[in-house]
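Scroll down for the structure; my scribbles are underneath it.
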Amino acid sequence: MAVATMPTKPFESHPTLKRKPLPAGQPREWYETHSRRLKAMRLAIALLDSGVYHPANANNGRIRRTAARIGIHPPSDTTCRMVRALIG
C-alpha cells in the first residue's frame, strides 16, 4: 500500500515588520522590562526551533549558549527564568 505524500514548499521567512519607536515618557523600568521580554521571546523561539520543548531541558547554560549562537548578549538569570516560563 503506497502512501501519497504532498509536496512541501520550502520555508519562506516572513517579511520583517517595520520597527516603531517606543512610546516616550515611560519610566525606565518599563523600557528595561520591554527589552527583557523581547529578548526572552527571541531566545524561547530559538530554543523551540532547536528542539527544546520542555523548560527542564532549558538550563541557564543552554539558554546562554543559544544566545551566543544567535548573536545576542548573554541573558541574566531573570531573563533565563522568563525564557523557561515562555517554553512551559
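The values are calculated or read from the model by the stated rules, or taken from the named source; none is laboratory data. Being a predicted model, the structure only gives us computed values, none of them experimental. Cβ sites come from the backbone with ideal geometry, for glycine too, and all protein chains shown count toward neighbours. In case anyone asks, the SASA skips ligands and DNA or RNA and just uses the protein heavy atoms, side chains included. Shrake-Rupley method; radii C 1.70, N 1.55, O 1.52, S 1.80 Å.
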Tell me, which residue of region 68-88 that is touching a helix residue (DSSP H, G or I) at 6+ places or on another chain (Cβ under 6 Å) and assigned to a helix (DSSP H, G or I) is most open to solvent (accessible area, probe 1.4 Å)?
-> L86
Close pairs (8 angstrom Cβ cut-off, 6 or more residues apart or separate chains): hydroxyl-bearing (S, T, Y) in region 35-59, assigned to a helix (DSSP H, G or I) and surrounded by 15 or more Cβ atoms within 10 Å (Cβ to Cβ) anywhere = S50/T66; Y53/I87
Members of region 50-65 that are over 13 Å from G88 (Cβ atoms) and open to solvent by 60 Å² or more (accessible area, probe 1.4 Å) = S50, N59, R62, R64, R65
Tell me which of these A24 doesn't satisfy, since it passes every other one: (1) modelled with pLDDT under 95; (2) surrounded by 11 or more Cβ atoms within 10 Å (Cβ to Cβ); (3) not β-branched (V, I, T).
-> (2)
Residue list for region 27-49, restricted to those being open to solvent by less than 70 Å² (accessible area, probe 1.4 Å) and not hydrophobic (A, V, I, L, M, F, W, C) = Y31, T33, H34, S35, K39
